[in-house]
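What follows is calculated from the coordinates using simple rules that are stated; it is not laboratory data. On a predicted model such as this, the values are computed, not experimentally measured, just so you know. Counting neighbours? That spans all protein chains shown, and the Cβs are built from the backbone with ideal geometry, glycine included.
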Amino acid sequence: MKKIVLLSAALSCVAGVNAQSVDTLKEQTLQDVQVVATRADARTPVAYKDLNQKEIKKVNFGQDVPYLISLTPSVTVTSDAGNAIGYTSLRVRGTDPSRINITVNGVPQSDAESAQVYWVNMGDFASSLASMQIQRGVGTSTNGAGAFGATLNLQTENVGENPFVGIDLSAGSYYSHKETLRFGTGLLGGHWGFQGRLSNIGSKGYLDRASTKLNSYFMQGGYFDDKTVVKFVTWNGTEQTYHAWNYASKYEQSLYGRRYNSCGYMYEDADGNIHYYKDQNDNYHQQNYQLIWNQIFTPEFNLNVTLHYTKGQGYYDEYKSEQDLAKYALVPQSDKGKFYSDLTRQKKMDNDLYGAVFSANYNNRKGLLATLGGGWNKYDGDHFGLVKWVKDPTYISYSNNNPNYEPQTEYYRNNALKSDFNIYGRVEWEFLKGLNGYADLQYRHVGYRMQDPEDDAYADTSKKYIIHDDFDFFNPKFGLSYSFLNHHKLYVSYAISHREPTRNDYQDNGVSHLKAERLNDLEAGYKYQSRKFSAGANFYWMNYSHQYVLTGEINEIGEMIASNENSGKSYRLGVELEAAWKPVDWFRWDINGTFSKNRAKDWNVTLDDKSTVNLGETHLTFSPDIIANNIFTFNYKGFTASIQSQFVGKQYLAPTNFEGYYSYDKNGNRQYVDMMLHSHFTTNLDLAYNFSIKSWGIKDATVGITLYNIFSKKYDNNGWAGPKYRKDANGNVEAYTNDDLYEAGFAPSAPFNCMAHLSVNF
């Protein structure tokens with residue numbers, strides 16, 4: 001059986017296909033062409049990390065994609081539920097998820113309005129991947145929103161040559177489980193093939209009621225020839241996730257325990273029992289389609305064209321206490337009616353994203369690689385809300401003038417349109433032996449049309465589009481790389497990138513026109529590679545202007561608020577170190593670390609007297625100065641043991657350099673309010689045994705168990721803080737709150753937990 005090659009084979013395909021090597025391997029490598037144009041290779045002067053299918057499978061037991069790459073350089077991850085299943089996110093070099101561009105087969109996946117990927121909509125997607133590449137910094141040209149921290153490039157698996165059936169099962173703590181069925185026909189008649197996956201993932205979550213239900217599938221089929229691949233790929237994700245985005249304060253945790261989740265709170269009865277709304281859920285369905293054409297015209301020239309369409313539809317249901325009914329266009333039927341009441345509501349979305357991407361690749365096989373590519377994408381999204389129930393339903397609805405309140409009354413509706421066009425040219429040229437030049441020029445146009453984004457019955461939608469912004473970006477990238485003495489490589493690169501504001505930026509800042517962000521990214525590095533040892537160092541300086549810095553506050557749906565009014569200028573300066581050593585076949589040691597300085601310049605705060613004070617240079621939120629990872633791997637006759645450790649330095653929850661402040665509880669007792677994610681050190685242990693039973697038709701099987709956080713370290717993976725500021729008796733600025741201890745929340749990670757797993761291939 002011939003081995004199905006991954007990215008390396010794809011690169012060799014782009015580099016030129018030997019006309020005398022015409023076999024089914026070419027059909028496999030040709031399937032990889034669509035991602036090559038936007039991926040880095042050994043000659044590209046950018047910092048990146050590749051994970052192949054085998055490496056992904058070793059850690060893929062139900063956790064979301066961010067946690068599968070959490071041990072790569074400069075990466076931190078978050079989990080609302082506390083156990084890496086459900087709403088999770090990825091940060092790279094401290095930059096938030098809205099500044100990390102995600103592509104699948106070269107097609108943009110980041111949501112057009114939020115610029116994020118919500119991994120709950122892509123349940124068990126890792127089980128359908130051939131490889132992942134994470135590019136840190138600006139990276140290469142991408143077909144989506146500007147990468148201000150990193151690009152995560154995902155490639156779906158190829159249609160294999162031979163038929164197979166595979167089963168993956170996992171089960172562990174907090175009723176977490178994963179069931180996956182994989183299957184493929186192999187190549188039928190030498191040219192046709194079909195492959196698929198069915199998955200179910202569920203968990204109760206570490207936090208109270210933070211449950212997750214994920215159902216998904218992945219299907220692909222197509223025609224494969226020596227020079228032509230036409231492939232149709234589709235996948236979906238259906239999720240139901242109980243809200244856990246409030247994050248509990250340390251004071252609440254002291255009263256109700258570390259796992260306390262206030263989402264869905266309704267009331268406390270006479271016996272002191274708290275009652276929660278059982279339907280406090282996020283419900284969403286996302287369907288993706290890709291039609292991919294890869295064509296080799298000559299050994300030097302190939303073309304990829306991909307058409308894509310994504311349909312998203314869903315809502316979240318929530319209980320809201322003491323709501324101003326005027327916001328919902330509800331008024332008392334009589335003078336005795338109340339103006340405030342508890343209610344339940346649904347906020348809904350119905351959106352479409354479609355477009356095309358292409359890349360034409362040329363290689364003269366004499367050191368010149370050139371790519372011309374681009375894409376056009378169109379987004380159309382509707383946002384609307386329904387009132388389901390009102391505690392005291394004696395109201396007239398302005399929306400339908402019905403004298404009796406009717407459930408399912410729609411109280412707001414708005415629309416957003418976004419078009420995104422880009423075209424780029426990329427050249428890599430070995431103009432002297434071992435010395436390569438790199439140039440990547442991209443033009444990008446973004447058009448944004450949005451009706452008043454407020455979720456209020458009186459939001460102004462009389463004007464068709466209140467927000468009407470257009471952006472034109474020129475994003476150049478240049479670099480040099482020099483390989484010498486067979487094992488050594490030096491590189492340097494400079495890049496400029498721009499990023500348009502998100503929907504939340506418009507909504508949270510309350511303005512109709514915003515400036516785009518700009519990033520100047522300088523990178524320089526060294527790599528050494530030999531058979532038993534490799535090492536590298538990457539230095540980076542990322543200088544931002546007009547940046548929307550995370551303030552540490554969250555909006556009512558738990559998303560981070562960003563502002564560029566306080567400063568708009570910031571920088572990230574650091575070094576990333578990596579090394580791997582394999583002295584013998586049965587042992588490998590991997591280690592990496594990031595040491596950085598992440599600061600906002602001239603950060604301003606508004607005091608309680610409405611005056612403004614410049615705090616100077618302050619720590620950027622969620623940006624640890626140190627991130628370090630260590631992995632020991634042992635292999636012996638099918639047995640594998642891996643010890644994985646990570647250290648993450650302290651993170652500020654507000655860009656004001658305040659680590660906390662004092663306030664008072666309801667009894668007048670002075671209490672400290674923490675505003676930090678404190679540093680933490682965690683260790684995981686993975687044990688597995690691989691075997692085959694040919695007489696039973698089992699080609700390959702792996703059984704194992706992964707022990708997470710084996711020393712049961714209690715730490716927080718995310719948080720928020722929203723204090724006020726004033727001057728103390730000495731004239732120094734201090735943080736404070738008026739009357740409570742709840743102006744900082746924390747997302748605790750689970751202590752020791754485990755997941756057993758079994759994988760069988762027939």
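Tabulated results
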| quantity | calculated |
| --- | --- |
| Sites A370 and H275, calculated FRET efficiency, Cβ-Cβ separation with R0 60 Å, nearest 0.05 | 0.40 |
| Unsatisfied cross-links (Cα-Cα over 31 Å) in the set K231/K348; K231/K311; K327/K464; K463/K515; K532/K713; K57/K582 | K231/K348; K532/K713 |
| Modelled FRET efficiency - R0 25 Å, K597 with Y482, Cβ distances, 0.05 increments | 0.35 |
| Volume of the Cα convex hull of the stretch 548-615, divided per residue and given in Å³ | 135 Å³ |
| Zone residues, the stretch 505-522, relative to H468, backbone N less than 13 Å from point 7 Å out along Cα-to-Cβ | 513 |
| Candidate aspartates and glutamates for bridging to K569, where Cα separation is under 12 Å - those fewer than 8 sequence places away on the same chain excluded | E517, D602, E617 |
| Spacing of the two label points (7 Å from each Cα toward its C-beta) at V575 and D342, in nm | 5.8 nm |
| Length gained when the stretch D324-L181 is fully extended (0.36 nm per residue, less Cα-Cα span) | 46.6 nm |
| P(r) histogram, all alpha-carbon pairs of the stretch 662-743 included - 5 Å bins from 0, percent | 3, 10, 12, 11, 11, 8, 7, 7, 6, 5, 4, 4, 4, 3, 2, 1, 0 |
| Net lengthening on full extension, Y265/S611 (0.36 nm per residue, minus Cα-Cα) | 120.9 nm |
| Option label - Rg and Dmax of the Cα atoms in Å computed here, alternatives [x] 26.6, 89; [y] 26.1, 81; [z] 29.2, 94 | [x] |
| Reach of K391 by Cα under 13 Å, taken over aspartates and glutamates that are not fewer than 8 positions away in the same chain | E322, D324, D342, E406 |
| Residues R670 and V584, FRET efficiency given R0 of 51 Å [Cβ-Cβ distance, rounded to 0.05] | 0.30 |
| Mean Cβ neighbour count within 10 Å, used as a protection proxy, ranking 84-90, 505-511 highest first | 84-90, 505-511 |
| CD proxy at 222 nm, helix term only [per DSSP H run n ≥ 4: -39500 (n - 2.57); per residue of the chain; nearest 500] | -1500 deg cm²/dmol |
| Derived scalar couplings ³J(HN,Hα) [the stretch 340-346; Karplus, 6.51 cos²θ - 1.76 cosθ + 1.60; whole Hz; x for Gly, Pro] | 10, 7, 6, 7, 10, 9, 10 |
